[in-house]
Amino acid sequence: MKLFSTVLAAVILFVSASPGYAEKEKVDYPEGYRQWAHIKSMLIEPGHPLENPFQGLHHVYGNKLALEGLKKGSFQDGSVLVFDLLQYSRGDHAIQEGERKFIGVMQKEKKGFSATGGWGFEVFPKDSKTDRLVADGGKSCFTCHTSQTDRDYVFTRWRK
């Protein structure tokens, strides 16, 4: 009986720690994302509905799986999109990048983030790889992204 209890406890521990059996808790920092494909840039200025907190110069990057997903309109597990938001300044008839405000990350893992459409969301402030700003498991991010259900919750579109 003791052997059975030990084996049962080991199986329960293995299953609960295995991907797909429990919700994933964190989105990974996207190391090397600036070497991924640059998908688009945009500038949000004062007066835009998303000015707070998204005023700034945006660059969107995607890994190989995210690029495939953008083209198809649905994303497979392992797709990662990065939203790099920077301050900006105007001068001499040019707009220049400033300091980083944050990077936002969407990481696709259907079973790991099932409560938020299969996407994990995280925000890393400034140049930090460890500080995290998402405190609700990504639910507030996902609430906004639900308007994009027909595109697997992604706002960014593939530009041909």
**Study point:** Contact order normalised by residue count of the stretch 36-151, Cα under 8 Å, 6+ apart, percent
**Key:** 16
Exercise for review: Given a cut-off of 25 Å, name the pairs among Lys101/Lys129; Lys71/Lys111; Lys72/Lys110; Lys26/Lys71; Lys26/Lys160; Lys111/Lys139 whose C-alpha atoms lie farther apart than that in the structure shown.
Suggested key: Lys26/Lys71; Lys26/Lys160
Point to revise | Average projected area [Cα convex hull, the stretch 63-129], square nanometres | key: 6.0
Review point. Where is the GNM fluctuation largest for the chain (alpha-carbon springs, 10 angstrom cutoff): Ile39, Ile95, Ile103?
Key: Ile95
**Study point:** Rg to Rh quotient for the stretch 94-141, alpha carbon positions, Kirkwood Rh
**Key:** 1.11
Review point. Add -39500 (n - 2.57) for each DSSP H run of 4 or more in the chain, then divide by its residues: what number comes out at 222 nm, to the nearest 500 deg cm²/dmol?
Key: -6500 deg cm²/dmol
Study note, to complete from the structure: Hull volume per residue for the chain, using the convex hull of the C-alpha atoms, in Å³ is 146
**Study point:** Added length on full extension, which subtracts the Cα-Cα distance from 0.36 nm per residue, Asp136 to Ile95
**Key:** 11.3 nm
Check your understanding: When the Kirkwood radius is taken over all Cα pairs of the stretch 19-109, what Stokes-Einstein diffusion coefficient follows at 37 °C and 0.692 mPa s, in µm²/s?
Key -> 224
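Taken together, the values in this text are just the output of simple stated rules run on the coordinates, not laboratory data. Computed from a prediction, not measured in an experiment: that's the story for all the values here.
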